[in-house]
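Chemist: The structure follows.
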Amino acid sequence: MIQIVATHRRVLWFLPIFLFLIMFPIKSAYSQFLCLPTCNVNDGKMFAFSGVGLATTNEDVLQLRVTSPAENAQFEIGIFDGDADNTWDTVAGVPALLDIEIFLDPNGDGSGATSIGRYSSDGTFGDNIGNPMPDNDWFQVVLNNSPGALNPDGTEHVYKLIITNLNNGISSANTFKVRADGQLFAVAGQPFSYLVLITTELAFEIIYPDIDFFDPLCTEASAFLPYFYCDPADPTCCINNTNYDGSWDFNFVVPQGVETLEIWDGDLDFGSASLDAQGVCDFADGIDVDSDDPNTPNNMVPPWAVGTSVNFEGMVSPTDPSDDASCSRIISRPPSVVYSLISPNGTRYDNSNPSGDQEWELFSISTNPPNPDLYDMSVPSIPPGVWKVEVIGNDLTNLNAFTLPYDLCAVDSLGNPAGCDGKMVEVPTLNKWGLITMFTIIGIAGFIVIRRRQAVV
């Protein structure tokens with residue numbers, strides 16, 4: 001009996017030590033998904049491709065960069081709501097189909113030309129023929145990391161992701177999210193549009209989780225026209241609880257030594273509206289009015305807007321759609337849309353009068369002496385690090401755009417910028433936590449069994 005106890009003791013205490021030893025060579029995998037513009041599938045926040053008549057920018061290409069650590073054998077990319085119709089999209093005759101292609105780009109400068117995968121919204125071409133991208137769900141692809149994608153110092157694989165709107169000349173809109181299990185960026189200097197678009201009952205129910213189309217107290221025709229839903233002044237109104245609050249965050253990294261920081265905002269439709277004396281909607285009330293921005297040229301448009309439907313910058317009133325239109329309380333998100341530029345140390349630089357309708361405006365801060373014809377603000381310094389554009393009051397269904405001077409960083413599942421500093425977000429995998437748990441459990445179990453056997457002896 002004594003010999004049996006000794007044997008059990010050696011075995012039971014050796015197992016935790018063995019697990020402890022093999023645990024260390026296992027590296028944490030970079031398994032956390034990073035997303036653009038967000039990971040939350042219920043907030044409706046998406047990138048948007050829109051054709052003529054809906055978009056100021058009329059952009060037809062969005063370029064992203066994806067990186068995956070050198071030690072990873074594979075990487076994954078996901079597209080949310082990549083289909084061109086239904087829940088978050090609108091179709092005017094012809095849908096805005098997506099063409100998504102992935103290229104090796106080891107230098108990370110967008111020059112890569114070797115394609116390793118191509119995918120289509122409707123599954124009519126590319127590597128997903130017969131497998132269209134789903135509505136209101138993720139389309140996922142897992143690819144083997146290629147030696148041809150390794151960057152010069154051999155630390156990570158780098159890929160270029162090109163998303164193209166195949167039908168740019170029509171008044172349709174396709175909104176989508178992108179995620180990857182490595183670093184993810186939208187390339188600097190290109191316009192990107194964003195939107196929350198509710199065109200279906202499902203989208204409405206996602207944005208307004210308390211809505212009940214069969215409840216007469218919720219769908220009260222006399223509350224206000226033309227939207228037959230309960231009065232938002234009533235605290236029990238079924239549209240007061242919403243998954244979209246009108247706010248957006250865009251993060252980017254400013255390097256050392258920057259003296260002037262320039263942000264371009266497009267078609268934000270700044271300007272408030274009310275009912276007129278006859279009860280007509282979208283009457284510009286003169287409370288918030290777009291101004292002529294002194295440091296944005298009135299006789300030219302930014303390079304990316306040449307050939308689009310954008311107008312020269314000026315004073316635009318009313319806007320279309322009117323911001324915070326009083327008869328559109330379902331889509332209205334007060335206040336009138338504004339945004340702030342926030343430095344890494346928390347200093348805020350507010351743009352209280354952004355772009356109006358169908359125009360681009362420049363918002364700039366500079367360490368140079370004050371000059372309103374060149375800069376919106378003169379600041380003591382522009383510190384390096386993660387900066388944020390924080391937008392509030394962005395109405396539902398209103399397509400807006402930005403162009404940033406540095407790469408747009410992805411966010412994690414909590415909405416926090418991740419990987420902006422060039423470092424991967426390391427997340428312990430189930431294997432590692434499993435080993436830790438097993439080590440603890442077996443150690444406790446071993447101790448209990450040995451005590452019991454000793455008691456028997």
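The values are calculated or read from the model by the stated rules, or taken from the named source; none is laboratory data. Keep in mind that this is a model prediction, so the values were computed, not measured. Here the Cβ positions follow ideal geometry from the backbone for every residue, glycine too, while neighbour counts run over all protein chains shown.
Chemist: Looking at T175, is it of a type in the set (V, I, T), closer than 22 Å to D43 by Cα and either touching a residue at least 40 places away in the same chain (Cβ under 8 Å) or surrounded by fewer than 20 Cβ atoms within 10 Å (Cβ to Cβ) (or both)? Let's see the steps before the verdict.
Modeler: Working: of a type in the set (V, I, T): yes; closer than 22 Å to D43 by Cα: yes; either touching a residue at least 40 places away in the same chain (Cβ under 8 Å) or surrounded by fewer than 20 Cβ atoms within 10 Å (Cβ to Cβ) (or both): yes.
So T175 passes the test.
Chemist: Somewhere in region 149-165, is a residue surrounded by 15 or more Cβ atoms within 10 Å (Cβ to Cβ), in contact with a Phe, Trp or Tyr (Cβ under 7 Å, 6 or more places away or on another chain), modelled with pLDDT of 95 or more and among the hydroxyl-bearing types (S, T, Y)?
Modeler: yes
Chemist: Can you tell me how many residues within region 381-395 are assigned to a loop (DSSP other than H, G, I, E, B) and either under 16 Å from the mean Cα position of the chain (by Cα) or among the charged types (D, E, K, R) (or both)?
Modeler: To start, the set of residues in region 381-395 that are assigned to a loop (DSSP other than H, G, I, E, B) comprises 381-384, 393-395.
Now drop any that are not either under 16 Å from the mean Cα position of the chain (by Cα) or among the charged types (D, E, K, R) (or both), which leaves 394-395.
Going through region 381-395 one residue at a time, the tally reaches 2.
Chemist: Another question, then. Answer yes or no: is there a residue in region 360-380 that is closer than 30 Å to T219 by Cβ and in a strand (DSSP E or B). Working first, answer last.
Modeler: Within region 360-380, the subset closer than 30 Å to T219 by Cβ is none.
No: region 360-380 contains no residue that is closer than 30 Å to T219 by Cβ and in a strand (DSSP E or B).
Chemist: Have a look at G422, G446, G415 and point out the one that is under 19 Å from the mean Cα position of the chain (by Cα), surrounded by fewer than 19 Cβ atoms within 10 Å (Cβ to Cβ), at pLDDT below 85 and not assigned by TED's automatic domain parsing to the domain that holds V178.
Modeler: That would be G422, the only listed residue that is under 19 Å from the mean Cα position of the chain (by Cα), surrounded by fewer than 19 Cβ atoms within 10 Å (Cβ to Cβ), at pLDDT below 85 and not assigned by TED's automatic domain parsing to the domain that holds V178.
Chemist: Evaluate region 317-326: report whether one residue or more is more than 30 Å from I239 (Cα to Cα) and in contact with a Phe, Trp or Tyr (Cβ under 9 Å, 6 or more places away or on another chain).
Modeler: So the first thing to find is which residues in region 317-326 are more than 30 Å from I239 (Cα to Cα), and the list is none.
Within region 317-326 (the criterion being more than 30 Å from I239 (Cα to Cα) and in contact with a Phe, Trp or Tyr (Cβ under 9 Å, 6 or more places away or on another chain)), the answer is no, since none of the residues qualifies.
Chemist: Can you pull out the residues in region 149-170 that are touching a His at 6+ places or on another chain (Cβ under 9 Å) and outside any loop (DSSP other than H, G, I, E, B)?
Modeler: At the first step, the residues of region 149-170 found to be touching a His at 6+ places or on another chain (Cβ under 9 Å) are 149-151.
Scanning region 149-170 gives A149, L150.
Chemist: Any residue at all in region 200-208 that is outside any helix (DSSP H, G or I) and of a type in the set (A, V, I, L, M)?
Modeler: First pass over region 200-208, keeping only residues outside any helix (DSSP H, G or I): 200, 208.
Now narrow it down to the ones that are of a type in the set (A, V, I, L, M): none.
Within region 200-208, not a single residue is outside any helix (DSSP H, G or I) and of a type in the set (A, V, I, L, M).
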